[in-house]
Amino acid sequence: MEKQDGRDIRYLAEHLLHTDLAGLSRREVGHLVRISRKLQAAPRAEGAVVQAELTLGERLADRVAEFGGSWIFIMLFALFMGSWALINTVVLGLRAYDPYPYVFLNLILSMLAAIQAPIIMMSQNRQATRDRLTMLRDFEVNLKAENAIAGLHKRLDHLAWQTLQGMDELKRLQGSKVGDHQNGAAP
């Protein structure tokens, strides 16, 4: 397992950071170890969540959850319930097939809720899986950005150091010219 971890970390370094392990700091290697562990802990099925690979039931669950959470559904459902009450109270009067406490309507609503709730939960579970994958991708992007920023900081520090060395050299040269001039040497 140790050998596999080393290969995984080397692979991540090459593909995420475009470098080999020798060019990485201890902190960067630590980040790669954490990513490797997360990838190994993630079930393989999570990596295969692609719209084309969804079953008919999963696609149907997503569509039911999408429609069940829309304003169109709310308006249609309010229209249906208002129509039910209007027909059974005003239009049919004493011949109503579901008179006022609307027991049959309650039965229909209960059955609808019993079917709709697990379908929506299936869709939410799949959405949670997609969110975990997105989070892992975001972590990888953030790691790349952090390493790029760290590289820029190193470059800026190096440039600042070179600039300070150049300034010290100029001061030294200027000091030696001033000293030569004071000693009577020609410029």
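The values are calculated or read from the model by the stated rules, or taken from the named source; none is laboratory data. Treat the numbers as computed from the prediction; the structure is a model and nothing was measured. Cβ sites come from the backbone with ideal geometry, for glycine too, and all protein chains shown count toward neighbours.
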Are there any pairs, at least 6 apart or on different chains, whose C-beta atoms fall under 8 Å, with the first in the stretch 11-38 and more than 19 Å from Arg137 (Cα to Cα) and the second loosely packed, with under 15 Cβ neighbours inside 10 Å, and if so, which?
Asp20/Arg10; Asp20/Glu14; Leu21/Arg10; Leu21/Val29; Ser25/Ala150
Let me confirm something: among Leu94, Leu105, which residue is outside the structural domain of Ala13 (by TED's automatic domain parsing) and either part of a loop (DSSP other than H, G, I, E, B) or in contact (Cβ under 8 Å) with a residue 24 or more places away in the chain (or both)?
Leu105
Return a yes/no flag: does the stretch 149-165 have any residue that is charged (D, E, K, R) and under 22 Å from Arg63 (Cβ atoms).
no
Matching entry among Met122, Met135, Met111 (being among the aliphatic types (A, V, I, L, M) and either touching an Asp or Glu at 6+ places or on another chain (Cβ under 9 Å) or part of a loop (DSSP other than H, G, I, E, B) (or both)):
Met122
Among (1) hydrophobic (A, V, I, L, M, F, W, C); (2) touching a helix residue (DSSP H, G or I) at 6+ places or on another chain (Cβ under 9 Å); (3) free of Cβ contacts under 8 Å to residues at least 40 places away in the same chain, which single condition is Met122 missing?
(3)
